[in-house]
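Please read the structure below before turning to the comments.
Quick note: the coordinates plus some simple rules give every number you see, no bench work behind them. Fair warning: this is a prediction, and the values are worked out from it, not measured in the lab. Note that we place each Cβ from the backbone using ideal geometry, even for glycine, and neighbour counts take in every protein chain shown.
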Amino acid sequence: MHREYHRWYSPRLGLELGVVMYGHWGPPLLGFPTSAGDEWELEGQSMAGALAPFIDAGRVKLYTVNSINGLSFYNKAAHPFHRSYVQSVFDSYLREEVVPFIWTTCQSRVAIATMGASFGAYHAANSLFKHPDVFKRCFAMSGVYDLRNFMDGLYDDNFYFNNPVDYLANLSDPWYFEQLASCDIHLITGTGPWEHSGPTYRLSEVLNSKGIRHSVDNWGPDGGHDWPYWKHQMGTYLAQLY
């Protein structure tokens, strides 16, 4: 499997971050790590390897990023408003730096899909909801979509606009509805070990209230909160959709 590592300094975030690219060609799939992971986690947990047949066949081109959760919502040493600020800037980094990088390496302004598990599912879903003109499909596995528990009871605009159950509940801009109507949104859960489906169904309720098309994919006992389940799920989705 072809692999390239790219790293650059982000003036927005004030630090260097890396992106791993797997494959030569194919529609781009942007993968996010779990809460404490970096751009190498999907490879270290064998997710990239599990998707290798699709990558080698040119059915997808996988990109993985560091979601810097330790500097944002998991940074308990920082003021909550700093946590939400870092997440806001990270969202800008994705749109203004990572997306153009993906388009350059794909030699096309092609639609991008996202994937993530656990806290990575938050990033996968939030990225699509914030930028539905760029991200057109997401696979959000075992996710959480209301991050109030990370804010110590405080609340500001940066948090609001990065907390999906809040900003989606008040969505009114026709442009967003038009863009979201063309998206393929998979909220993935199950009844397997360590899985909590409540956050997935809560987000689905919000989307339903706004008429935003999506699917809640309940995998039953095959929907557990661990890498073997997530690898099986993504392999199945890629086989069916790519």
Legend entry - Proxy reagent accessibility, fewest Cβ within 10 Å first, across THR105, THR236, THR200: THR236, THR105, THR200
Legend entry - Residue exposure sequence - LYS231, LYS210, LYS61 - by fewest surrounding Cβ within 10 Å: LYS210, LYS231, LYS61
Legend entry - Using θ = phi - 60° and Karplus 6.51 cos²θ - 1.76 cosθ + 1.60, couplings along region 186-196 (whole Hz; Gly, Pro as x): 10, 9, 10, 8, x, 10, x, x, 6, 8, 10
Inset, instruction - Based on other C-beta atoms within 10 Å, arrange LEU15, LEU207, LEU62 from fewest to most. - result: LEU15, LEU207, LEU62
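Any chance you could run the full-extension gain for SER108 through HIS2? It's 0.36 nm times the residue separation minus the Cα-Cα distance, nm to one decimal.
Length gained, SER108 through HIS2: 36.2 nm.
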Inset, instruction - Apply 1/(1 + (r/R0)^6) to the Cβ-Cβ distance of SER182 and ASN218, taking R0 = 30 Å, and write down the FRET efficiency to the nearest 0.05. - result: 0.80
Inset, instruction - Please get the size of the charge dipole for the chain, origin at its Cα centre, with Cβ charges of +1 on Lys and Arg and -1 on Asp and Glu, quoted in debye to the nearest 20. - result: 300 debye
Inset, instruction - Please tell me the relative contact order of the chain in percent, rounded to the nearest whole number, where contacts are Cα pairs under 8 Å and at least six residues apart. - result: 17 percent
Legend entry - Paramagnetic reach from PHE101 in region 24-39 [backbone N under 11 Å; point 7 Å along Cα→Cβ]: 39
Legend entry - MRE, 222 nm, helices only [DSSP H, n ≥ 4, -39500 (n - 2.57), over the chain, to nearest 500]: -10000 deg cm²/dmol
Inset, instruction - Return the distance in nm (one decimal) between the two label points of a simple spin-label model at LYS76 and ALA169, each offset 7 Å from Cα along Cα→Cβ. - result: 2.7 nm
